[in-house]
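Below you'll find the structure, written out as structure tokens, and then a few comments.
Since every read-out is calculated from the coordinates, none of them should be taken as a lab result. All figures in this text were calculated on a predicted structure; none of them were measured in a lab. FYI the Cβ positions are ideal-geometry reconstructions off the backbone, even for glycines, and counts take in every protein chain you see.
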Amino acid sequence: MSSSPPTEPALPRADGIALPIHIDRDASAPLPDQLVAEIRRLIAAGAVRPDEPVPSSRRLASHLQVSRGTVETAYAQLVVEGFLVSAERSATRVNPDLPSTPRTRNPGMRTPAAPRRRLRSFIDLRPGFGGDDPLREPAFRRAWRDSLDTDTGAIDPLGQPGARWAIADHLRLTRGMTVDPDDIILTSGSRDGLRLLLTTGIAGAIGVENPGFPGLRQAMTDRELVPLDASADPARGSVGAVVVTPNHQFPHGTTMPIDRRVRLLEWAARNDVIVIEDDYDTEARYTRTVVPTLFDLAVSTDSAAQVVHIGTFSTLLTSAVSTGYIIAHGEIGPRLAQMRTALGPAFSPVMQTAIASYLSSGGLRRRISRGRRRLRAAEAVVADVGPIPGLVHEGRTLVIELEEGRAGSLRHELAEQGILVASLAAGWAGDGDVRHGLVIAHSNVETQVLRRALGTLQRLLGRIES
């Protein structure tokens, strides 16, 4: 009874890879010589790099439709010349000691290293970073697994209906907002939402709060930015839109008073300026006082101002889950929907289904509650650790003002100690009266870690003061 021949183990470079080798059966040169010349060419061009395996003689012979002996003869010649190396019971490889060529020395041509899971070994106290990893949270992992078994239905470029409904319900429960799910457009985060908005034809410069969070400014490097005093009412100008973070003003994390919100909408209506409301970090507040969003205020007062509300879950779920949404009040809404339809869905319908399940199960609300408890505990730690030189604590972040040189050196020293903090100066646009120092999101970590980090900060500040 005959048995089938054993299957040759798959080689790393053999399965599904066809080397671009050309041989000419009508040429006078023997086929093995042609094959030697072609492999030399591929090695010189960097198509096959030092220490990479080449296809087995049987596979390459089958691919080229030549005899196996032809390939074995060519390989043997290349081994003699030093281009290839072979060993018993091992794949034939390109000689690892070959000098690199100009093509292989080009960093852009290098084979990327295999991704490795990086262990977090630092304390991240930068606003918008830190927090516990949602990918390890049972409720989120369960929502993700369930989404893999759920039929997402027809793909809607504006967002899957279930996800848009879940976001609308989340805003109702956590923000007191009444939003029609059909008015919600899904994005892959705040910057994606802003870029989508800018493609709708907003004319003129963009007004930005000064100081203000630098995140969205980085998505507008191709536009003229006009710094606006964040503590005063906007002046008349030639801006087509303004970007504001009314629920988390830089750098302290305070909220914009309701009277200023009303005046901002009135000014925008008079001057035909689009108000872009970045709802950054709103859920992080630990008080239950809810100030109306600019979007909600515009809708409830039937304001003539056009308001685009940009929301994101990236702050709560980290940038590893880049998801967000935009909601528009005014004639800009249909233009946004038309552009999103033309570009297609912002992210996978499977992830949309997972987000919908996570929201509907109450997982995100429980996560918000944990974050608020962590903020309350962080406030207690700050009060307990004792004086921190230069500390200004007026909102949800800690601010320490220093001279420019001292601020830079202190951030560097903290980073050397494994503690990351934000730059106060990064919040200023233009070359005006920039303030320097540190911005610390003290609720990013658990109390024991925070206490240790603040102790290090006190020690380094004490050394600077002395």
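For the reader, a short list of remarks on this structure follows.
- Full-extension gain in nm, Ala27 to Ser369, via 0.36 nm per residue minus C-alpha separation: 115.5 nm
- For the chain: relative contact order, % (alpha-carbon pairs under 8 angstrom, 6 or more apart): 17 percent
- Stokes-Einstein D for segment 284-414, Kirkwood Rh over Cα pairs, 10 °C, 1.306 mPa s (µm²/s): 84 µm²/s
- Value at 222 nm in deg cm²/dmol, rounded to 500, when DSSP H runs of n ≥ 4 in the chain each add -39,500 (n - 2.57): -12000 deg cm²/dmol
- Among beta bridges that DSSP assigns inside the chain, antiparallel share in %, nearest 5: 55 percent
- If you bin all the Cα-Cα distances of the chain at 20 Å, starting from zero, the percentages per bin are 20, 38, 27, 14, 1.
- Of all stretches in the chain that contain no chymotrypsin sites (Phe, Trp or Tyr not before Pro) in a DSSP loop with at most 14 other Cβ atoms within 10 Å, the longest one is 130-466.
- Interatomic Cα distance distribution for segment 31-109, bins of 10 angstrom, percent: 19, 52, 25, 4
- Cα-projected label distance for Gln65 with Arg451, points at 7 Å along beta-carbon direction, nm: 7.7 nm
- Exposed trypsin sites (Lys or Arg not before Pro) absent - longest run of the chain, DSSP non-H/G/I/E/B, at most 11 other C-beta within 10 Å: 289-466
- For the pair Ile155 and Leu135 in one chain, pulling the backbone fully straight at 0.36 nm per residue adds 4.7 nm over the alpha carbon distance.
- Length released on extending from Glu331 to Arg376, taking residue separation times 0.36 nm less the Cα-Cα span: 12.1 nm
- Where only alpha carbons of segment 134-364 are counted, the Rg and the Dmax (Å): 17.2, 54
- Taking a point 7 Å from the Cα of Asp169 along the Cα-to-Cβ direction, the residues of segment 332-365 with backbone N closer than 14 Å to it are 353-365.
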